[in-house]
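> My questions all concern the structure below.
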Amino acid sequence: MQDLSWPKRILVVLASLFFIASGVLHFAKPTTYLKIMPPYIPWHLAMVHISGICECLGGFGLLLPATRRVAAWALVALMIGVFPANVYMATNPVETGTSAIPAAIRWGRLPLQLVFVLWVLWSSKPSSPKTPQAR
């Protein structure tokens with residue numbers, strides 16, 4: 001991780017832990033994710049498991065310099081891919097079992113996805129090499 005500045009190191013490790021934990025939850029608590037799957041998406045359980053595996057692999061990939069950028073872009077693609085589930089959760093609280101969650105939080109998750117996208121892209125980008133000081 002020497003290609004990253006210390007703030008980026010911290011942020012990339014936090015992102016890694018977040019995605020790995022989230023991926024594990026797809027297997028530990030699949031019902032939570034199954035409830036927010038839009039009806040038009042096929043093979044709900046398979047999709048929950050596939051997205052969980054992708055989150056884990058992406059999280060681990062962020063830790064390795066050789067795979068960091070590819071993992072970051074793969075996680076961005078994953079976040080785009082699961083965005084319909086977040087929209088479905090925000091727009092169908094009764095069907096998704098999230099009616100107890102305030103609407104501001106359900107809807108607030110949508111722009112938060114952009115924050116996660118920017119987070120993984122910025123923190124995974126190698127820091128600029130230091131330019132020598134002019135004398």
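Read the figures in this text as sums done on the coordinates, not as results from a lab. Note that the coordinates shown come from a computational prediction; the quantities given were computed from them, not determined experimentally. Virtual Cβ from ideal backbone geometry, glycine too; neighbours counted across all protein chains shown.
> Going 7 Å from the Cα of Trp122 along its beta-carbon direction, which residues of the stretch 50-82 have the amide nitrogen within less than 20 Å of the resulting point?
Correct set: 59, 62-63, 68-80.
> When Rg/Rh (Cα atoms, Kirkwood Rh) is calculated directly from the model, which label among [x] 0.93; [y] 1.00; [z] 1.08 fits?
For Rg/Rh (Cα atoms, Kirkwood Rh), the calculated option is [z].
> Shifting gears a bit: What net charge do the residues around Ser22 carry, taking every other residue with its C-beta under 15 Å from that of Ser22, with Lys and Arg at +1 and Asp and Glu at -1?
+1
> What is the gain in length, in nm to one decimal, between Arg69 and Thr91 on full extension, counting 0.36 nm per residue of separation less the C-alpha to C-alpha distance?
Roughly 4.6 nm would be gained on extension.
> Say a paramagnetic label sat at a point 7 Å from the Cα of Leu45, along Cα to Cβ; which residues of the stretch 83-126 have their backbone N under 18 Å from it?
none
> Using DSSP to define loop residues, name the chymotrypsin sites (Phe, Trp or Tyr not before Pro) in the stretch 78-132 whose beta-carbon has at most 15 other beta-carbon atoms within 10 Å.
Hits after loop and neighbour filter: nothing returned.
> Hey, another quick one. Give me the net charge of Lys125's neighbourhood, meaning all other residues with Cβ under 12 Å from the Cβ of Lys125; Lys, Arg count +1, Asp, Glu -1.
+2
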